[in-house]
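Heads up, the thing below is written out as structure tokens.
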Amino acid sequence: QVQVVESGGGLVQPGGSLRLSCAASGQTFSINRMGWYRQAPGRESELVATMSNDGTTKYGDSVKGRFTISVDNVENMAYLQMDIVKPEDTAVYYCEVVQRWRAFWGQGTQVTVSS
């Protein structure tokens, strides 16, 4: 089993920045990919960003050029640097850890973009 814990959410003003962290612990061998998804009230979950263990990244269209994912494969940590945030970035952000064929999720961290 892999335990996943997100942190770093909060209230941020439009145009500001925020950095989310994701810590994976437990049986963390053979992790293939770590990433971030988000879900706003009344909306479906959407991809934010993922990074595979070969360094390949994938971003959702709405965050390209503003958000940056990074992963520390030694510490099993993933980070999401959020810049130039917009009110529509308001959502609960979830970290996904993929180990071989299984995916593990954290409880999520709330991000609210408002003035």
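The values are calculated or read from the model by the stated rules, or taken from the named source; none is laboratory data. Since the model is a prediction, treat every value here as computed from it, not as a measurement. In this analysis, Cβ positions are derived from the backbone assuming ideal geometry, glycine residues included, and neighbour counts consider all displayed protein chains. Keep in mind that these areas ignore ligands, DNA and RNA; they rest on the heavy atoms of the full protein, side chains included. Shrake-Rupley method; radii C 1.70, N 1.55, O 1.52, S 1.80 Å.
Here are the numbers for this structure:
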| item | result |
| --- | --- |
| Rounded Å value of the spacing that divides the Cα centres of the range 83-109 and the range 7-57 | 4 |
| GluC sites (Glu not before Pro) within the range 22-110, DSSP loop, no more than 14 other Cβ atoms inside 10 Å | Glu44, Glu75 |
| Charge tally in the Cβ shell below 14 Å around Gln39, where Lys, Arg are +1 and Asp, Glu are -1, Gln39 excluded | -4 |
| Accessible surface, the chain, averaged per residue in Å² (probe 1.4 Å) | 54 |
| Separation of the Leu11 and Gln27 label points, Cα + 7 Å toward Cβ, nm | 4.3 |
| Relative packing of 25-35, 100-110, which averages over residues the other C-beta atoms within 10 Å, highest first | 25-35, 100-110 |
| Modelled FRET efficiency - R0 22 Å, Thr57 with Arg19, Cβ distances, 0.05 increments | 0.85 |
| Whole-Hz couplings from phi, Karplus 6.51/-1.76/1.60, listed for the range 96-104; x for Gly and Pro | 10, 10, 9, 10, 6, 9, 10, 10, 10 |
